[in-house]
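The values are calculated or read from the model by the stated rules, or taken from the named source; none is laboratory data. What you are looking at is a predicted structure, and each value in this text was computed from that prediction instead of being measured. Positions of Cβ are generated from backbone atoms using ideal geometry, with glycine treated the same way; all protein chains shown enter the neighbour counts. Note: accessible area is taken over every heavy atom of the protein model, side chains too, but ligands, DNA and RNA are not part of it. Shrake-Rupley method; radii C 1.70, N 1.55, O 1.52, S 1.80 Å.
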Amino acid sequence: MAANNRRMSGKKGAQVGSGGQRRRGLEGKGPTPPAEARKGHKKNRIAGAKAKQIVRKPSPRGGRGGKGTSEMVVGRNSVVEALREGVPATMLYVQQFIDNDERVREALQLAADRGGIHLMEAPRPELDRMTNGLNHQGLVLQVPPYEYAHPEDLAAAAYDQGADPLIVALDGVTDPRNLGAVVRSVSAFGGHGVVVPERRAAGMSAGAWKTSAGAAARTPVARAANLTRALEAYKKAGLVVVGLAADGEAEVGDVEALGGPVVIVVGSEGKGLSRLVGETCDFRVRIPMPGGTESLNAGVAAGVVLYEASRRRA
């Protein structure tokens, strides 16, 4: 009898006083999430790997001017605006099980109408990781690296057209919206391109594309490793370098050189032209402002001088 009791004491089963823990363990935990959303599942790993491939990766330098880096536009309004303005894009990420509102539908329609933009669904955690926790609202647009021209190409293209080069160079302009505005003005007044330094300067980002209102597709932007050397090369090629400065020796309307091959150099709103760039200029000119405003932003200043150059060439 004692031996039989010992065998019974080792028998598995619910213990007295378990509080129904085993019963709760058998209860359902809701519907099974799709394979793409289940961590560790093969489809989840594939989706995550694809999403990682083109997230802000520096591109190898290509062409004479090189390339920028890819970037992302995040948020429903921002994505829709970028697609409306024709910002180049390669991929539109859409969150799985996203609330399909009017902006999402418009983004999908714009991407489909344009063609060449791949659509990809991704789990929310992956979009969170891609955007470093930004409020992406379920939409992320991948913008490819911008292909910059070389400064020499801008003058060469003008001469090939039988025209005197009209180029704008930006010195220390860091706001992409100013760059976009300058590109738009150069296009409007028949200019042949814009030159920006490779470092410590605004590049052709999605913000610059949007501000250019489509002009960036027609007007090349070149990138110079050293702006001073690029300006010196222009001078050797026969171009006159005209720098804008609040304390310039002459007024814009008095500079006849604007009617010929010229590079207009615009500095930052706060600091103006850097010392070396200012010393490289053939002329330092000012824009008369009877209203007393101390300075104009780069986009407005470039527009004023481009108008004068265009008027002299008419």
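Results, tabulated for the structure shown:
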{"item": "Solution diffusion estimate, µm²/s, Stokes-Einstein, region 213-262, Kirkwood Rh from C-alpha pairs, 37 °C, viscosity 0.692 mPa s", "result": "249 µm²/s"}
{"item": "Debye log10 I(q)/I(0) for region 231-314, one point scatterer per Cα, at q = 0.13, 0.23 Å⁻¹", "result": "-0.37, -1.17"}
{"item": "Of the trypsin sites (Lys or Arg not before Pro) in region 126-212, those whose Cβ has at most 15 other Cβ within 10 Å and which sit in DSSP loop", "result": "Arg199, Arg200"}
{"item": "Region 96-149 shape via C-alpha gyration tensor axes, a/c threshold 1.5", "result": "oblate"}
{"item": "Accessible surface, region 260-314, averaged per residue in Å² (probe 1.4 Å)", "result": "53 Å²"}
{"item": "Table column - 3J(HN,Hα) (Hz), region 97-111, Karplus curve with 6.51, -1.76, 1.60, x for Gly and Pro", "result": "6, 6, 5, 7, 8, 4, 5, 5, 4, 5, 4, 5, 5, 4, 5"}
{"item": "Amide H contacts of Ala222 (H built 1.01 Å from N, under 5 Å, at least 5 apart or other chain)", "result": "Ala149, Val194, Val195, Val196"}
{"item": "Mean shadow area of region 109-190 over all directions, Cα convex hull, nm²", "result": "8.7 nm²"}
{"item": "Candidate aspartates and glutamates for bridging to Lys67, where Cα separation is under 12 Å - those fewer than 8 sequence places away on the same chain excluded", "result": "Glu147, Glu198"}
{"item": "Three-way shape call for region 162-229 based on the alpha-carbon gyration tensor, with the a/c threshold at 1.5", "result": "oblate"}
{"item": "Estimated FRET transfer efficiency (Asn77, Glu147; beta-carbon r; R0 22 Å; 0.05)", "result": "0.20"}
{"item": "Tensor-based shape of region 155-314 (alpha-carbon gyration tensor, a/c under 1.5 rounded, otherwise prolate or oblate)", "result": "rounded"}
{"item": "Span from the region 145-222 Cα centroid across to the region 225-268 one, whole angstrom", "result": "15 Å"}
{"item": "Mean Cβ neighbour count within 10 Å, used as a protection proxy, ranking 107-113, 217-223 highest first", "result": "217-223, 107-113"}
